[in-house]
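*Asks:* Have a look at this one before I ask anything.
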Amino acid sequence: MYQTDVVIIGGGATGAGALRDVAMRGFRAVLVERGDFGTGTSGRYHGLLHSGGRYAVKDPVSARECIQENTILRRIAAASIEDTGGLFVTTPDDDPAYADRFVAACHETGIPISEISISEMLQREPLLNPAISRAFVVPDGSCEPWALIDGNVRAAREHGSDAWPYHRVTGFERGNGRISGVRVVDARTGEEKQIGCEFVINAAGAWAGQIGALSGVEIDMQAGKGSMIVMNHRVVQTVVNRCHLPGDGDILVPVGSVCIIGTTSINVPDPDQYEIGADEIDAMLREGEQLIPGFTRLRSLRAYAGVRPLYREQSASAAQGRDVTRAYAVLDHQSRDGLENMVSIVGGKLTTYRMMAEAGVDVMCRLLGVERPCRTAQEALPGSENGAYYSIQHRLAETEAHGGDESNLICECEYVRRVQVEHVARERGTHDLGDIRRELRLGMGPCQGGFCTYRAAGVLHDLQHLPPEQTNQALLGFLEERWKGVKPVLWGDDLRQMHLDEEIYLNLLGVDRLNGAGSSSDGLEQPA
Ligand SMILES: Cc1cc2nc3c(=O)[nH]c(=O)nc-3n(C[C@H](O)[C@H](O)[C@H](O)COP(=O)(O)OP(=O)(O)OC[C@H]3O[C@@H](n4cnc5c(N)ncnc54)[C@H](O)[C@@H]3O)c2cc1C
């Protein structure tokens, strides 16, 4: 049996943050995640590093948390943040009286804010609606979740802890009000393993209730589905928010080479079972028109959805969806349920993951009777030491600076070269193109894998001497996963692109007749 001090469940931002925190405080820990890291909500979110502006009027606790963490993350995790800045704009459809309430609430919650003229706004963002009447600048940003999670996991490993992707928690060893071990199954081999431990941190997001049930405690989670549409190109360079109470389709976030409009908010009974409705797509595109006239005629690349991990105190009134606070809670299961050595970290935002982890680990230390201060706000994550923000030009700049070979481009849309695919495949020991996508953004641009999938599969085959069946599975799994997100927005140029991909993969390569047709190993994923 593997033995450790702490088991952390869930490889999203919160779990990865808790792993780093625990490791930096001198515990030995292992994080277990049922899929790849960042395949839960953290890999399917909107991409916005909140300034807190969105919550300033309605949820000031959340707003204060956001601005505090925004400032810290800019310092410790710069490599996963693009400093786009943010705008809140009053469109003709928004109540003009809200703007003054918004400004006052930003001042109260400590969010830096300044008003700019409409001509300055249009100079910065020429495609925005010229009928917008007011525009405010706040320190929003855009944040790449997989780089952030990877930075936390790498830091934890440097401090002697470990993280296991593709390990699903299936049960606990529990007796005398304590957990003595966690049962997991390796999703890739089917092997069952036991991890003996002193403490458990449940950071399973929208699935925290399921983990609670396995350990015998009740946690009332609400899965709040939100859908988003990935638009071709960066139609804006700044995060643009509507200046009104949070609603559907009212934020546009530039992420990497694309822009994402979102979101919706619909409660679903099961965080693993949901669909994206045509009405959600229509509503978001319609709302986009308020920000950018002609938005509905822009090319959409794909749609995806995630589930908010909304926590409701059992005693609280029946708040629903957007009315449930976006602040977080740490559940001390000792005082709450008589289970001595488990805490759950629930609710919150990706922006506040570090603070949530700190609060959870503080409670753990108290329950263990030790005093070890948190240092995660002081030290930079690996890769962020020089404080340089992510920039979309960085790959091209590196190639030019080092005289790299451009002829070996695997993915033109995201500028991914063969050496990078080889490096990630070797480092991660993976032949899952989804794992490689999350590190490199392979296949996430306009052709949605049309040209890079067969090339990347070929690279894996060469590098790892994979049997043809496994190479075929890698290729088909990736195509299927890309197809899931393209289906809801299949019209216009996207439809034309899909016809081209159909020609390449079905009519030219005959992938439907390959040996080894099957789906990718995680089968869980549908992010941007
Ligand atoms: C549509 C949408 C848009 C959002 N936009 C933003 C935004 O712009 N900015 C922002 O700050 N926040 C945003 N959020 C909120 C934010 O994404 C989440 O609060 C955050 O990502 C949650 O992270 P987490 O680590 O707690 O959960 P998750 O990332 O979901 O991690 C939990 C993990 O637990 C794993 N797990 C589940 N069951 C098991 C098991 N049995 N064994 C092992 N592992 C298991 C899951 O696979 C998952 O990876 C958004 C949320 C949604 C839904």
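*Asks:* For the modelled label position 7 Å from the Cα of Q3 along Cα-to-Cβ, which residues of segment 174-192 have backbone nitrogen atoms closer than 18 Å?
*Replies:* Of the residues in segment 174-192, 174, 179-183 have backbone N under 18 Å from the label point off Q3.
*Asks:* Tell me which of V182, V307, A78 sits at the most positive position along the dipole axis of the chain, charges placed on C-beta atoms (Lys, Arg +1; Asp, Glu -1).
*Replies:* V182
*Asks:* With each run of n ≥ 4 DSSP H residues scored as -39500 (n - 2.57), what mean residue ellipticity at 222 nm is computed for the chain after dividing by its residue count and rounding to the nearest 500 deg cm²/dmol?
*Replies:* The helix contribution divided over the chain gives -10000 deg cm²/dmol.
*Asks:* Using R₀ = 30 Å, calculate the FRET efficiency as 1/(1 + (r/R₀)^6) where r is the Cβ-Cβ separation of E379 and R286; round to 0.05.
*Replies:* 0.10
*Asks:* Can you list residues from other chains, or at least 5 along the same chain, whose modelled amide H is less than 5 Å from the amide H of V255?
*Replies:* Sorted by chain and number, the residues that satisfy this are I260.
*Asks:* Sticking with this structure for a sec: Could I have the simple spin-label model distance between Q194 and T296, label points 7 Å from Cα toward Cβ, reported in nm to one decimal?
*Replies:* 6.2 nm
*Asks:* I've got another one for you. Which lysines does K58 reach when only Cα atoms under 29 Å apart count, and residues fewer than 8 places away in its own chain are ignored?
*Replies:* The reachable lysines, counting only those whose Cα sits under 29 Å from K58, are K225, K349.
*Asks:* Once the convex hull of the C-alpha atoms of segment 372-431 is built, how many Å³ does it hold per residue, rounded to a whole number?
*Replies:* 139 Å³
*Asks:* Over the chain, consider all pairs of different Cα atoms and compute the Kirkwood hydrodynamic radius from their mean reciprocal separation; express it in Å, one decimal.
*Replies:* Computed over the chain, the radius equals 23.8 Å.
*Asks:* Report the FRET efficiency, 1/(1 + (r/R0)^6), for L396 and W491, where r is their Cβ-Cβ distance and R0 is 35 Å, rounded to 0.05.
*Replies:* After rounding to 0.05, the efficiency reads 0.65.
*Asks:* For segment 90-164 and segment 426-471, compute the distance between their C-alpha centroids and round to whole Å.
*Replies:* Here the two parts' Cα centres lie 34 Å apart.
*Asks:* Here's another thing I want to ask about it. Once you list every other residue whose beta carbon is under 11 Å from the beta carbon of N341, what net charge do they have if Lys and Arg are +1 and Asp and Glu are -1?
*Replies:* Spelling it out: positives minus negatives among the neighbours equals -2.
*Asks:* Long-range amide H contacts for R308: which residues qualify at under 5 Å (H placed 1.01 Å from N, peptide plane, sequence gap of 5 or more or a different chain)?
*Replies:* G224, K225, G226
*Asks:* Let me ask something additional. What span do the alpha-carbon atoms of segment 414-503 cover on each of the three principal axes, reported in whole Å from largest to smallest?
*Replies:* Sorted from largest, the Cα extents of segment 414-503 read 39, 26, 17 Å.
A short reminder: the numbers here are calculations on the coordinates, not readings from a lab. Note that the structure is a prediction, hence the values are computed from the model and not measured. Neighbour counts are summed over all protein chains in view; Cβ atoms, including those assigned to glycine, are modelled from backbone coordinates with ideal geometry.
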